[in-house]
Amino acid sequence: MKKILPVISNIIPSSRAQSRDLMNRFLHFGRNDIIIVLMLFFGSFSPAHAQSVSLSISPPVVEILLAPNQSVSQTFTLQTQGENILVTPELHLAHPSDSSGHVEIDSTPLSPSSIPLTIKFSGPSHTPTLTFTAANTDKAQDVYLALVFRASPPSTIYDLRSTITTPSISALILVTITPTDTLPINLEIKDFSPPLFHDSWFPLTFTPFLTNNTPTMIRPEGQYEIISPSGKTVLSLPLYPNLILGNSSRLLQGTVPCQPLQGTVPCNPTPLTWSPTWRNLGPHTLRLTITTTGGTQIIQVEKTIWILPVRIAIITVLFILLFIIFLVTRGKSLSPPLDRLSQKTYS
C-alpha cells in the first residue's frame, strides 16, 4: 500500500505539479466554488444598535486529503474593520444544499464525537491554527466543516436590554479521509433527454446534472460535443470543472474560451447552448463525456436529435397558401359573368 501524504489546497493556486489524478483533483479553484456564508443573528424586536463591521477571511475554502492517523495544520486569518470587536471561532457541520455548489451550515456547533477527525485549536482567535488528525478507518469518507467567526462588540458598550446585530463569516473546510491512493468513482448524468425534433430557428440549450453517488468529493472534467450527420463536429465545448461533494449533484456547464489566470483558475462557466444555422439540418449526435483530470473516461452518453427548419417550413406553407388564395380570388374577379357571355354569343 502506498503512503498517502497529507494534502491541503485552498483558493490560492498551488505551484506544485501533481502527478496523480487524485492529487490533481485539488487544483482549479473557481470562484463558483468559493463559498462564503454570511449569517445575521437577530433577537427580539427591542431597540437595535448596529455597528459598522467589515469581515474577510483567508483562505475562504480549504480542501484536505488525509490518510488514517495522519495530521495536518491550517491557519486561517480573519481581518476586521471596527473598534472593540470580539471574535469567537466555532466549528459547524456543513452539508451540500443544491446543484449550484452552495452548502447549508448547521445552526449548532460541532459535536467532536460525531466525525472521524480530531481537531485542535491553537493561536489567537483572529488567526487560529487548526490541526486535523484523521481517525483509523478502512473506508474512504468525507467530512465537511465550516469555521464560523462570529464578531460582537463588548457587552458594556450597549444597554443589555437592547438587541445587537452581530455579523459573522465562515470558511469552508472539505476533508477527505482515505486509506488508499484511489477513491471510489460513481457518477451519473441526469436530465439529458433531448426531444426528437428541434427547430433550427431557436438555440438548443440543455441543463443536465452530474450526480456523485459516492461519499467522497470529486472534481471531474469533460466535453460536450455535437456531431453532424456527415460526422463533422460542429460544437466542442469543455465542461467547467466544478467540485461535486459526496452524495450530491452539480449542474453541468461549459467553459468559455479565455486565458486562465495564473494557469490554474478556470474560466467563467457558460450554459450548454448551441445556435444551429440553415446548414445544420438532419440527425445530429449530442455527446457528453465525463473524464478525470488526467483524461481517463468515466462516463459517456450519446443522444440523437433531428434539426429541422420547422419555423421556415411553416412560414413557407403559409406563404404558398396565401399565394394560392390570392390567385383564386384574382381569377374570380377577372372572369366575366356567365350570362354576359351568353348574350354575346346569341345576340
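Looking across segment 100-155, the residues that are touching an Asp or Glu at 6+ places or on another chain (Cβ under 8 Å), buried (at least 18 other Cβ atoms within 10 Å of the Cβ) and part of a loop (DSSP other than H, G, I, E, B) come down to Gly101, Leu110. Being surrounded by 16 or more Cβ atoms within 10 Å (Cβ to Cβ) and assigned to a loop (DSSP other than H, G, I, E, B) is the requirement here; does Thr216 meet it? Judged against the criteria, Thr216 is a match.
Could you list, in sequence order, the residues of segment 300-314 that are of a type in the set (A, V, I, L, M, F, W, C) and modelled with pLDDT of 85 or more? So that I can check it myself, show each step before the final result.
Step one: filter segment 300-314 for residues of a type in the set (A, V, I, L, M, F, W, C), giving 301, 305-308, 310, 312-314.
Hits for segment 300-314 are Val301, Ile305, Trp306, Ile307, Leu308.
Contact annotation: no residue pair with Cβ atoms under 8 Å, 6 or more positions apart or on different chains, pairs a residue in segment 95-113 that is under 15 Å from Ser170 (Cβ atoms) and assigned by TED's automatic domain parsing to the domain that holds Leu243 with a partner that is modelled with pLDDT under 90 and part of a loop (DSSP other than H, G, I, E, B).
Every residue in segment 190-243 that is among the aromatic types (Phe, Trp, Tyr) and more than 15 Å from Gly282 (Cβ to Cβ), please. Break it down into steps so the answer makes sense when it comes.
Of all residues in segment 190-243, those among the aromatic types (Phe, Trp, Tyr) come to 192, 197, 201-202, 206, 209, 224, 240.
Within segment 190-243, Phe192, Trp201, Phe202, Phe206, Phe209, Tyr224, Tyr240 meet the criteria.
Each row is one residue, and each column tells you yes or no for (1) at pLDDT below 95; (2) among the aliphatic types (A, V, I, L, M).
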| position | (1), (2) |
| --- | --- |
| Thr233 | no, no |
| Leu252 | no, yes |
| Pro257 | yes, no |
| Thr264 | yes, no |
| Pro269 | yes, no |
| Arg279 | yes, no |
| His284 | no, no |
| Thr289 | no, no |
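Restricting to segment 114-144, and then to whatever is among the charged types (D, E, K, R) and in contact (Cβ under 8 Å) with a residue 24 or more places away in the chain, can you tell me which residue is nearest to Leu174 (Cα to Cα)? Filtering first and then ranking leaves Asp142.
The values are calculated or read from the model by the stated rules, or taken from the named source; none is laboratory data. Every value quoted in this text rests on a predicted model; they were computed, and no experiment measured them. Every residue, glycine among them, receives a Cβ derived from its backbone with ideal geometry; neighbour counts consider all protein chains shown.
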